[in-house]
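The values are calculated or read from the model by the stated rules, or taken from the named source; none is laboratory data. These numbers were taken from a predicted model, which means no experiment stands behind them. No Cβ is skipped: glycine too gets one built from the backbone with ideal geometry, and neighbour counts run over all protein chains shown. Keep in mind that these areas ignore ligands, DNA and RNA; they rest on the heavy atoms of the full protein, side chains included. Shrake-Rupley method; radii C 1.70, N 1.55, O 1.52, S 1.80 Å.
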Amino acid sequence: MPSEICLRYQEHWTDWIESIQRATPLDIWMLIDPNGRDEPKPRPTIQIPNIPQNHVDVTIKEQVFLHLRLLLAGTETSQWQHQEGGLAKAGALIQATVHPTLYHHLDVKQPIRAWLLSLETSLAPTIEQELARWEKKFDCMTDSPYVEWPANGPELWLREFEEVITRLTRLRSNCTQRWPEKFVSVWESVDGSDSTITYINNVVTVGLTPHLIILCQCCNRLIGDYDRWVQAPRETSH
């Protein structure tokens, strides 16, 4: 899947590099990962013995050896061509999704990993900046009941909230300890949310944190009820 994210500013870096990784086959990503160590293999140069097949002195053993060497040469050449094709596609994707103001990081004489390292050094946010970014989004998504959100169904909110909590968990944010309470404050006024809210409260009561994936699966049950409920006139929206 091609990346649709354009890299221009620091706030784009995380989403952009992850989109490049998703769009790149794993064996190729390992060769360009700015945090990786694998290197592209050089073009194979296999020496094929010059043994005339019709020569009377050629033994069976020599013929078998020649055949195996030819097979090996073909296999290694095919693998190298796959590698070079994958690297070319990855390079083209990066060039197509980097803003022209950053082209100076894409030196065609350097390997792609050097491009990404140069971009990372210039643009990658610090952990503190990344943490602040996702905590701000967490606060934005949980500062009002869902009934005051646009009437576009809960699917988008749930998907984005799952991503936010996943990021904050990775960054070890204190928000991950507060999200069940904040989730309830958002959803408790939505018809059909009773079973999900009860599940959260029961789990929290015994001193545990609900697993977000399970929670989002539970929330899928809200979609049908919400779609029917949202048809009713509402006094507030934003």
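Which condition does residue 201 not pass, out of (1) of a type outside the set (A, V, I, L, M); (2) open to solvent by less than 70 Å² (accessible area, probe 1.4 Å); (3) farther than 27 Å from residue 12 by Cα; (4) modelled with pLDDT of 70 or more, if it passes all the others?
(2)
Name the residues in segment 5-41 that are more than 20 Å from residue 96 (Cβ to Cβ) and of a type in the set (Lys, Arg), would you?
37, 41
Scan segment 58-71 and tell me whether some residue there is part of a loop (DSSP other than H, G, I, E, B) and modelled with pLDDT under 95.
Looking only at segment 58-71, we keep the residues that are part of a loop (DSSP other than H, G, I, E, B), and these are 58-59.
Checking which are modelled with pLDDT under 95 leaves us with 58-59.
Within segment 58-71 (the criterion being part of a loop (DSSP other than H, G, I, E, B) and modelled with pLDDT under 95), the answer is yes, since at least one residue qualifies.
Looking at 84, 11, 18, 76, which is the one that is surrounded by 10 or more Cβ atoms within 10 Å (Cβ to Cβ), at pLDDT below 85 and not hydrophobic (A, V, I, L, M, F, W, C)?
76
Out of everything in segment 106-139 that is touching a Phe, Trp or Tyr at 6+ places or on another chain (Cβ under 6 Å) and outside any helix (DSSP H, G or I), what residue ends up being farthest from residue 96 (Cα to Cα)?
Residues of segment 106-139 touching a Phe, Trp or Tyr at 6+ places or on another chain (Cβ under 6 Å): 106, 123-124.
Keeping just the survivors that are outside any helix (DSSP H, G or I) gives 106, 124.
On the way: 106: 11, 124: 19 Å.
This residue is 124.
Could you tell me whether residue 183 is in a helix (DSSP H, G or I), in contact (Cβ under 8 Å) with a residue 24 or more places away in the chain, of a type outside the set (A, V, I, L, M) and in contact with a Cys (Cβ under 6 Å, 6 or more places away or on another chain)?
In short, no.
Give the residue that is most open to solvent (accessible area, probe 1.4 Å), with candidates limited to residues of segment 133-190 that are of a type in the set (Ser, Thr, Tyr) and under 22 Å from residue 205 (Cα atoms).
Going through the qualifying residues, I end up with 169.
Scan segment 87-132 residue by residue and report those that are open to solvent by 60 Å² or more (accessible area, probe 1.4 Å) and in contact with a His (Cβ under 8 Å, 6 or more places away or on another chain).
122
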